[in-house]
Each structure stands twice: as C-alpha cells, then as structure tokens.
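**Q** Before we start, here is the structure in question, set down as structure tokens.
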Amino acid sequence: MTSYSSTCKQSAQAEALKDRGNAAFNAGDWHDAISYYTKALQARPNWGVVYSNRSHAYGKAGLSHEALKDAKKCVDTEGTWWKAHLRLGEAYMRMERFADAVLALKQSVLCRLVTEGEDGQGRELQQKLHEASRLAAAA
C-alpha cells in the first residue's frame with residue numbers, strides 16, 4: 001500500500017516534470033517536451049492534461065500517429081474537456097483524415113461552449129472546424 005506522503009511526493013514530481021515539459025515545448029524543443037511528458041505520465045498515469053500536451057508535442061515533431069494515440073487517450077480520460085477533442089481533431093488534420101477531424105472539432109466546440117461559453121478561443125475553434133469542413137468537402 002502506498003502511503004499518503006509517497007503519493008503526494010509522486011504527484012509533485014509529476015507536476016514538476018509536466019512543467020519542465022511545458023518549458024521545453026514553449027522553447028520549441030518538441031523531443032525534450034515529449035520526454036518530460038512521458039516521465040510525468042510514468043509518475044502519474046492517466047493524466048489527461050499531459051496526454052494532451054504530449055499529443056501536441058508529437059504533432060509539432062511530425063509524429064502524427066503518436067499524436068493521435070495520445071489524443072485518443074486524452075479523450076478517454078477527459079471526455080468532456082474541449083481541448084481533448086481539439087487535440088484529436090488536430091491529429092486527424094495532420095493525417096488528412098478530414099471527416100474525422102470535423103467530428104472531433106465539432107465535439108470540441110460543443111464542449112467549449114458548454115463549459116466556458118463563447119470567447120476568443122471558441123471563435124478560433126470555429127475557424128479550425130470551418131477549415132476541416134472545407135478540406136473534408138474537397139477530399
């Protein structure tokens with residue numbers, strides 16, 4: 001059985017690794033970001049936010065299949081979070097699976113509207129959805 005202090009320490013380590021991953025991502029170092037996010041997930045499995053972050057880093061690194069896998073895990077763990085569906089839509093867009101991207105981005109827009117209302121980010125999501133819809137119609 002894991003003690004409470006051990007669990008807290010592990011959670012703090014996971015948070016620190018996520019923060020280091022975010023710093024690497026913001027510096028454009030996709031592979032270091034992926035490494036830190038992977039370590040964070042080892043310390044705290046099924047952490048949807050980190051699956052989202054790692055999916056984004058995989059996408060930036062051109063690793064579309066890995067980005068898709070993590071986006072799906074993010075949706076599995078954080079199904080009502082708009083960003084989980086956004087990551088899924090982005091992964092599908094990179095893979096030119098535009099019809100799938102449209103479905104994921106529609107879900108992202110709906111989740112965003114329900115949880116946070118209309119704002120600048122919501123309009124940006126609408127634009128991504130419009131682009132995916134245009135590409136799906138052209139395919």
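The values are calculated or read from the model by the stated rules, or taken from the named source; none is laboratory data. All figures in this text were calculated on a predicted structure; none of them were measured in a lab. Heads up, the Cβs are rebuilt from the backbone with ideal geometry, glycines too, and the neighbour counts pull from every protein chain shown. Ligands, DNA and RNA are excluded from the accessible area calculation, which covers all protein heavy atoms including side chains. Shrake-Rupley method; radii C 1.70, N 1.55, O 1.52, S 1.80 Å.
**Q** Counting only heavy atoms of the protein chains, get the accessible area per residue of the chain (1.4 Å probe) and round it to a whole Å² value.
**A** I get 55 Å² per residue for this part.
**Q** Quote to one decimal, in nm, the extra length available between D19 and K69 on full extension: 0.36 nm per residue of separation minus the C-alpha distance between them.
**A** 15.8 nm
**Q** Give me the percent of the accessible area of the chain that comes from carbon and sulfur atoms, probe 1.4 Å, all protein chains in place.
**A** The nonpolar share, carbon plus sulfur, comes to 51 percent.
**Q** Give the lysines reachable from K9 as a straight Cα distance under 29 Å; neighbours fewer than 8 places away on the same chain don't count.
**A** K18, K39, K69, K72, K73, K83
**Q** In the chain, how does Rg compare with the Kirkwood Rh, expressed as the Rg/Rh ratio over alpha carbon atoms?
**A** Reported Rg/Rh (Cα atoms, Kirkwood Rh): 1.03.
**Q** Further, regarding this structure: Against the longest alpha carbon principal axis of the chain, how many degrees, from 0 to 90 and to the nearest 10, is the axis of helix 98-116 turned?
**A** 70 degrees
**Q** Tilt of helix 82-94 relative to the longest C-alpha principal axis of the chain, in degrees (0 to 90, nearest 10)?
**A** 60 degrees
**Q** Once the Cβ-Cβ distance between Q42 and K106 is put in as r, and R0 is 41 Å, what FRET efficiency do you end up with, to the nearest 0.05?
**A** In this case the efficiency is close to 0.80.
**Q** Next question. How large is the helix-only mean residue ellipticity at 222 nm for the chain, computed as the sum of -39500 (n - 2.57) over DSSP H runs with n ≥ 4, divided by its residue count, in deg cm²/dmol to the nearest 500?
**A** -27500 deg cm²/dmol
**Q** Report the full-extension gain for the segment D32 to L113: residue separation times 0.36 nm, less the Cα-Cα distance, to one decimal in nm.
**A** Length gained between D32 and L113: 25.8 nm.
**Q** Report the gain in length on full extension from L135 to M95: 0.36 nm times residue separation, minus Cα-Cα distance, nm rounded to one decimal.
**A** 13.2 nm
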